[in-house]
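Novice: Pasting a structure here, questions to come.
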Amino acid sequence: MTPQKLKYLAAFIVLATISAELSAEIQPTMPVKKLMFIQQQLEINVEIAANQAERERGLMFRGDLDTKQGMLFVYSNLEQRSVWMKNTLLPLDVLFLDANGRILSMLEDLPPCRKDPCRIYDSNVAAKYMLELNAGFIQQNQLKIGQVLRLPE
């Protein structure tokens, strides 16, 4: 490779790195709130995905999730919900909740999906909220249908 081409390659790498860093810095961060599993007296931190763009991105491309962390998807109405694991790197447990925070439906240990086609999982009931947690959370904390969570304000 000629010295001129090496200069262009080096400049390209520097610009690509700066661009990636700036992109990461300007991405909006979702608000983090506290959510309480009342029966277990367990409080966790949840990121709030309240708009379409945040809900579509969800936990995609995340390499890890703390044991007391999750993402709460907030919807304006009560209807059947779906989740897919496209570009999700972590296996997840998913809870579907009503407007009062009552667990209506649960999905356990959904596997990551790195390439299409990715399976779509349904709540099978109308829900206002969807809560994504690390796989194993439901079993480890003995969660049950009907139990109530104190949702963030």
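The values are calculated or read from the model by the stated rules, or taken from the named source; none is laboratory data. In this text, all values refer to a predicted model and were calculated from it rather than measured experimentally. Note: ideal-geometry Cβ built from the backbone for every residue, glycine included; neighbour counts use all protein chains shown.
Novice: Could you tell me whether the range 82-92 includes any residue that is at pLDDT 95 or above and of a type in the set (K, R)?
Specialist: no
Novice: For the range 134-141, does any single residue satisfy the condition of being of a type in the set (F, W, Y), surrounded by 15 or more Cβ atoms within 10 Å (Cβ to Cβ) and in a strand (DSSP E or B)?
Specialist: Checked against the condition, which is being of a type in the set (F, W, Y), surrounded by 15 or more Cβ atoms within 10 Å (Cβ to Cβ) and in a strand (DSSP E or B), the range 134-141 yields no hits at all.
Novice: Just the residues that are surrounded by 15 or more Cβ atoms within 10 Å (Cβ to Cβ) and not aliphatic (A, V, I, L, M), please, taken from the range 92-101.
Specialist: At the first step, the residues of the range 92-101 found to be surrounded by 15 or more Cβ atoms within 10 Å (Cβ to Cβ) are 92-98, 101.
If the condition is that a residue be surrounded by 15 or more Cβ atoms within 10 Å (Cβ to Cβ) and not aliphatic (A, V, I, L, M), then D93, F96, D98, G101 are the ones that fit.
Novice: Which residues, taken from the range 121-135, are more than 21 Å from A50 (Cβ to Cβ) and under 15 Å from the mean Cα position of the chain (by Cα)?
Specialist: Y121, N134, A135, listed by residue number.
Novice: Is at least one residue of the range 34-47 over 22 Å from I138 (Cα atoms) and either at pLDDT 95 or above or out of contact with any Pro (no Cβ under 8 Å at 6 or more places or on another chain) (or both)?
Specialist: In the first step, residues of the range 34-47 are kept if they are over 22 Å from I138 (Cα atoms); the result is none.
Within the range 34-47 (the criterion being over 22 Å from I138 (Cα atoms) and either at pLDDT 95 or above or out of contact with any Pro (no Cβ under 8 Å at 6 or more places or on another chain) (or both)), the answer is no, since none of the residues qualifies.
Novice: For a quick check of your reading of the model, give me the residue pairs whose first member lies in the range 53-67 and is in contact (Cβ under 8 Å) with a residue 60 or more places away in the chain and outside the structural domain of L89 (by TED's automatic domain parsing), whose second is among the hydrophobic types (A, V, I, L, M, F, W, C) and crowded, with 16+ Cβ neighbours inside 10 Å, with beta-carbon atoms closer than 8 Å and at least 6 apart or on different chains.
Specialist: Partner pairs satisfying both residue conditions: none exist.
Novice: Right, another one. Which of the numbered conditions does K115 fail, given that it passes all the others? Conditions: (1) more than 19 Å from L42 (Cβ to Cβ); (2) touching a residue at least 12 places away in the same chain (Cβ under 8 Å).
Specialist: (2)
Novice: Could you check, for the range 105-128, whether at least one of its residues is of a type in the set (K, R) and surrounded by 16 or more Cβ atoms within 10 Å (Cβ to Cβ)?
Specialist: Here is the first cut: in the range 105-128, the ones of a type in the set (K, R) are 114-115, 119, 128.
Okay, now just the ones that are also surrounded by 16 or more Cβ atoms within 10 Å (Cβ to Cβ), so 128.
Yes - at least one qualifying residue is present in the range 105-128.
Novice: List every residue pair whose Cβ atoms sit under 9 Å apart, with the two residues 6 or more apart in sequence or on different chains, where the first one lies in the range 142-153 and is over 15 Å from E43 (Cα atoms) and the second, anywhere, is in a loop (DSSP other than H, G, I, E, B) and modelled with pLDDT of 95 or more.
Specialist: Every condition considered, the pairs that remain are K144/Q39.
Novice: Just one of (1) over 17 Å from F137 (Cβ atoms); (2) touching a helix residue (DSSP H, G or I) at 6+ places or on another chain (Cβ under 8 Å) trips up F73, so point out which.
Specialist: Going through (1) over 17 Å from F137 (Cβ atoms); (2) touching a helix residue (DSSP H, G or I) at 6+ places or on another chain (Cβ under 8 Å) one by one, F73 breaks only (1).
Novice: Could you grab me the full set of residues in the range 35-80 that are under 17 Å from L104 (Cβ atoms) and assigned to a loop (DSSP other than H, G, I, E, B)?
Specialist: Result: I38, Q39.
Novice: Let me ask something additional. Any idea which of L97, L72, L104, L78 is modelled with pLDDT of 95 or more, within 10 Å of the chain's Cα centre (by Cα) and in the same structural domain as I138 (by TED's automatic domain parsing)?
Specialist: L72
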